[in-house]
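Working notes, structure below.
What follows draws every value from the coordinates through simple rules; no lab data is involved. The structure displayed is predicted, hence computed values, not measured ones. Don't worry about glycine lacking a Cβ; one is built from the backbone with ideal geometry, like all the others, and counts go over all protein chains shown.
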Amino acid sequence: MIDDNIPKQGKLTTPNSEPNEDIKQVYLAFCDILGFSNMISTDFDGTLEIYREFGQSVENSQFRGVEVTMYSDSIIITGPDLYQVAGSVQLLWFTALTRNLMMRGAITYGRYWERKTGRSLLVASDALVRAVKLESMVSVPAVFIADDIEIFDDMWSNYFVNGPFSSPILHFRDRNIINPFNHFWFRSAGNRAENLLEQYPAHKDKYLWFLALHSAIDSNKTLAPEGKLDQLIADGWISKASSDSN
């Protein structure tokens, strides 16, 4: 668990900040493509073609309310709203899986400063430092949400009322993660994971974890924190009837 003291609201400025260089409070997702370094080292031309297609898809994707930066195998998504950042990572998952790529990463919350000058980009962010640290601890194809981030009840109520594919966030094996699936890409995602397992048996633990998540959704297991449904009903977020209908 990340236990840094993080200012929670508002913009910060410093005496040395130049005009329009406010320090913002953002949710920040840091993700990387699993196996990219090995792929680019062993098959540069083939991997470059896949990477170009992936990058083009990212450029064409409808990310809303966030900023996306991509360099080599790393992608940074920042925004002031957790739902938009989480939804953007879910869209990124879809883009990756369509090209037989998987990701790992982390979402944190904190301060973010940047300066763009021509083609240069300077970034300083404690949120980025923590996200990189947490991402390095992720040993499975998943984007973890830092333990100190509050996931608001409206996001969990959407999961219970409209089903798991409507929510960008799931709770699996004691962690809050980004949902890598959607209505249109569930069966195919599982099939691709099975094919990758056969192709790269040395990394079977990673693919088996992903397939276990796929199976949990397929078998209608509750992928939310224990007791969350009862709490949402008690607090009036959802009715018992609406949760039962799902």
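Figures for the structure shown
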item	result
Exposed GluC sites (Glu not before Pro) absent - longest run of the chain, DSSP non-H/G/I/E/B, at most 16 other C-beta within 10 Å	22-149
Within the chain: Cβ-based charge dipole about Cα centre, in debye rounded to nearest 20 (Lys, Arg +1; Asp, Glu -1)	220 debye
Shape of the range 137-177, Cα gyration tensor, a/c cut at 1.5	oblate
Prolate/oblate/rounded label for the range 115-206 (Cα gyration tensor, a/c 1.5)	oblate
Helical contribution to [θ] at 222 nm, DSSP H n ≥ 4, -39,500 (n - 2.57), averaged over the chain, rounded to 500	-13000 deg cm²/dmol
Candidates 170, 92, 208: whichever shows maximal mean-square fluctuation once the chain is modelled as a Gaussian network with Cα springs under 10 Å	208
Table column - 3J(HN,Hα) (Hz), the range 155-161, Karplus curve with 6.51, -1.76, 1.60, x for Gly and Pro	6, 6, 5, 4, 4, 6, 7
The range 111-156: chymotrypsin sites (Phe, Trp or Tyr not before Pro) in DSSP coil with no more than 12 other Cβ atoms inside 10 Å	152
Gyration tensor (alpha-carbon) shape descriptor, the range 24-245, a/c threshold 1.5	oblate
Top of 192, 175, 99 by mean-square fluctuation, Gaussian network on the chain, Cα under 10 Å	99
Among 163, 110, 236, residue whose mean-square fluctuation peaks in a GNM of the chain (springs only between Cα atoms under 10 Å)	236
Using θ = phi - 60° and Karplus 6.51 cos²θ - 1.76 cosθ + 1.60, couplings along the range 115-129 (whole Hz; Gly, Pro as x)	9, 9, 9, x, 8, 8, 9, 9, 9, 9, 7, 6, 4, 5, 4
